[in-house]
Amino acid sequence: MRQRVKMENRKRNKNGNQNKSMTVLKSVYGYFLPSAWKRYKGYFFVMAAKVMTVAVQPFIGIIFTPKIIAELLGNRDSGVLIRYVVCLVILEYVFGLLNSVFPNIVERYTAKYNNYYTAVISRKVMELDFQLTEDKKALDQLELAKNGMGGYSGGLNGIVEPLFSMVSSVLMLVGVIMIVVPQAPFLIPVLAVLVAVSYKFNKKINEIERKNYTKLSGTDRIFGYFTWELMDFRYGKDIRLYNAENMMMGKWNYFLEDYFKTWNGMVHKMIPLRIFNDFTINVLRDVITYFYLGFLAITGRITIPTMTQLVTAAATFYQSITGIMDNFQNIVKRANYANEFVKFIAYPDAIHKGDRAVRGEEHTITFQDVTFTYPGADTPVLKGINLTVSAGTHLSVVGLNGAGKTTFIKLLCRLYDPDEGEILMDGINIKEYDYSQYMSVFAPVFQDFKLFSFSAIENLLLMEEAGEEEEMAAAGVMRWVGIYDKFASLKNGLDTILFKYFDDDGIEPSGGEQQKLAIARALYKNAPIVILDEPTAALDPVAEYEIYCQFEEMVRGKTAIYISHRLSSCQFCDKIAVFSDGSVAEYGTHDELVNKQGGIYAEMFAAQAQYYV
Ligand code: ADP
């Protein structure tokens, strides 16, 4: 009874695995074949030609060698012999040549496809919902996708090539069976049993390798951080001044050991299986073939030329049938790796995206009882926020570090969605708007803004091809924020590349210059709502004051939200919201709040005023 239950469970598991494999195959080939065909059709024609040459080539020897031997043992007609040999040599040469040309062409396509699919994954990373960029599951999936499309699956060619090879092997197999079966009927079944045993072992080896790969993806990412990220010069100052290199190397070694432990575990399990598979089975195959065919020859059932033909045919049979098995396993194995890429490309959105069009240039924003907790955190960062920012209002958001000011902006920009409550734009929940149209409403400058290693002006334009008009406008904005002269005085002017990653003439802008560029980028976007989240922290108070004055002038008529620790910026604003511990503790004009007895704003202002008076 127990035995039966066990067997039924095993059968159920097997069926489940088969269904899973079919789903994976469908998803991988359903994605890659059409996309690869659409991209480069030539690859498929080359592969089809390769299938034919690979399938036909073994038969040149199988057909001509016994003819030559028969002629040598029989008539010894030199004319006939020369004809056979010339045919054999020419055909071998032509097919050999073709088979050595194809890999070179395929290699070129492989490189092209690698670039193409790298671009596909890069685009997906850039378009991924922001909150997923901090989500461990999504990051692990990205790592699995990158590895899966790299060495593990062999890229597009690694996935598609076994399909074509399979066709070659099947054609070869059919030809060989037609030659062998009439003359040595038992050879095929016996060799087939050996192939089946070998298949079982290979399957086990592949399974061990696949499990190991999944286990390593997490370690790979951490490892990547230590090996590549921390080598970035941006960390250079902190590492040197805080003497952090020993700690880094210690951590690196720790993960290296972890990495090797997993690898060693895999290798120990695989070695005995590999030895048995590669060595013992091959010896058995040769022994059986030679004994059986030798026996047929000695007993006069086949001639010597036929025996030589069958020996080669038997080897080709073995080669084609193991080819089919290997290709099948490769298809399943590589599809499993490549499926990680497909899963990442289809990674579901973390936030709902509507399709309502955004209309007009003036927008009123309302936070209604908004509560938000960061994914994975226990306590809410924002609690029951109620706040309205009418069109054209200039709002200053102040509060101590960690009060939730930046989080408020992130929710407004839909980098995250609230857990409770609603954010409305013009009375409609922001989730209902078309995502990219909604994004176009905001021009934020975050504390941790990033400039790209492109030219200064490209950092503002952020478009593939900009016309003269756009360039003039961008230069005008740079002038307004006071960064134009800095670049105009350089050899390459506004085309000077930022940072030195690619260009020796690139410059390292100072913190303040970077902030001015980031502000210029936001102003150039010319969006209806402009947000400055403490981007002026690296500027001196005078420069900050100047920027705010110019900024105010440029954003006149637009909605502006400022987050700043320097309360001097508040005097520009119509309203001030004081955040404290995730809530709006005070709300009003500067004059209202500064005179409020025991108020947070009044206290903060008094504390700062003594430095500015
Ligand atoms: P403020 O801008 O007022 O200084 P933030 O909105 O940046 O405050 O942060 C509010 C709180 O949320 C802080 O305690 C901070 O540690 C936490 N926090 C910020 N970003 C994240 C995040 N990505 N994941 C988890 N907690 C976060």
Only one of (1) open to solvent by 50 Å² or more (accessible area, probe 1.4 Å); (2) within 30 Å of residue 40 (Cα to Cα) fails for residue 136. Which number is that?
(2)
Only one of these conditions is not met by residue 107: (1) open to solvent by less than 70 Å² (accessible area, probe 1.4 Å); (2) within 45 Å of the chain's Cα centre (by Cα). Which number is it?
(1)
Within the stretch 273-300, the residues that are free of Cβ contacts under 8 Å to residues at least 12 places away in the same chain and open to solvent by 80 Å² or more (accessible area, probe 1.4 Å) are 275, 278, 279, 291, 295, 298
(1) among the charged types (D, E, K, R); (2) modelled with pLDDT under 70; (3) closer than 30 Å to residue 330 by Cβ all hold for residue 204 apart from (2)
Which numbered condition residue 549 fails, given (1) open to solvent by 40 Å² or more (accessible area, probe 1.4 Å); (2) at pLDDT 90 or above; (3) assigned to a helix (DSSP H, G or I)
(2)
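State whether one or more residues within the stretch 506-515 are of a type in the set (S, T, N, Q), touching a strand residue (DSSP E or B) at 6+ places or on another chain (Cβ under 7 Å) and open to solvent by less than 60 Å² (accessible area, probe 1.4 Å). Quick ask: steps written out before the conclusion?
Narrowing the stretch 506-515 to residues of a type in the set (S, T, N, Q): 510, 514-515.
The next check asks that each one be touching a strand residue (DSSP E or B) at 6+ places or on another chain (Cβ under 7 Å); those that pass are none.
No, the conditions are met nowhere in the stretch 506-515.
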From (1) assigned to a helix (DSSP H, G or I); (2) modelled with pLDDT under 85; (3) open to solvent by 30 Å² or more (accessible area, probe 1.4 Å), pick out the condition that doesn't hold for residue 538.
(1)
Being surrounded by 12 or more Cβ atoms within 10 Å (Cβ to Cβ) and part of a helix (DSSP H, G or I) is the requirement here; does residue 67 meet it?
yes
Please verify whether the stretch 439-446 includes one or more residues that are within 16 Å of the ligand (Cβ to nearest atom), more than 30 Å from residue 509 (Cβ to Cβ) and buried (at least 18 other Cβ atoms within 10 Å of the Cβ).
no
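Out of the stretch 216-230, which residues are surrounded by 11 or more Cβ atoms within 10 Å (Cβ to Cβ) and at pLDDT below 75? Step through it out loud before you land on a result.
First pass over the stretch 216-230, keeping only residues surrounded by 11 or more Cβ atoms within 10 Å (Cβ to Cβ): 216-227, 230.
Residues satisfying the conditions are 217, 218, 219, 220, 221, 222, 223, 224, 225, 226, 227, 230.
So, residue 75, is that one among the polar types (S, T, N, Q), in contact (Cβ under 8 Å) with a residue 40 or more places away in the chain and either open to solvent by 80 Å² or more (accessible area, probe 1.4 Å) or part of a helix (DSSP H, G or I) (or both) or not?
Working: among the polar types (S, T, N, Q): yes; in contact (Cβ under 8 Å) with a residue 40 or more places away in the chain: no; either open to solvent by 80 Å² or more (accessible area, probe 1.4 Å) or part of a helix (DSSP H, G or I) (or both): yes.
No: the conditions fail for residue 75.
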Contacts under 7 angstrom Cβ, first residue in the stretch 576-588 being at positive phi and in contact (Cβ under 8 Å) with a residue 12 or more places away in the chain, partner open to solvent by 10 Å² or more (accessible area, probe 1.4 Å) and within 12 Å of the ligand (Cβ to nearest atom), 6 or more apart:
582/380; 582/381; 582/383
Pairs, first away from the ligand (no atom under 16 Å from the Cβ) in the stretch 409-436, second outside any loop (DSSP other than H, G, I, E, B) and open to solvent by 60 Å² or more (accessible area, probe 1.4 Å), C-beta under 6 Å, six or more apart
421/368; 421/369; 422/368; 429/422; 432/356; 433/356
Residue 308: passes all of (1) closer than 30 Å to residue 142 by Cβ; (2) buried (at least 17 other Cβ atoms within 10 Å of the Cβ) but (1)
Could you check, for the stretch 366-376, whether at least one of its residues is more than 34 Å from the chain's Cα centre (by Cα) and open to solvent by 40 Å² or more (accessible area, probe 1.4 Å)?
yes
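The values are calculated or read from the model by the stated rules, or taken from the named source; none is laboratory data. None of the values given here were measured: they were computed from a predicted structure. Note that each Cβ is placed from the backbone with ideal geometry, even for glycine, and that neighbours are counted across all protein chains shown. Please note that ligands, DNA and RNA were not included when accessible areas were found on the heavy atoms of the full protein model with its side chains. Shrake-Rupley method; radii C 1.70, N 1.55, O 1.52, S 1.80 Å.
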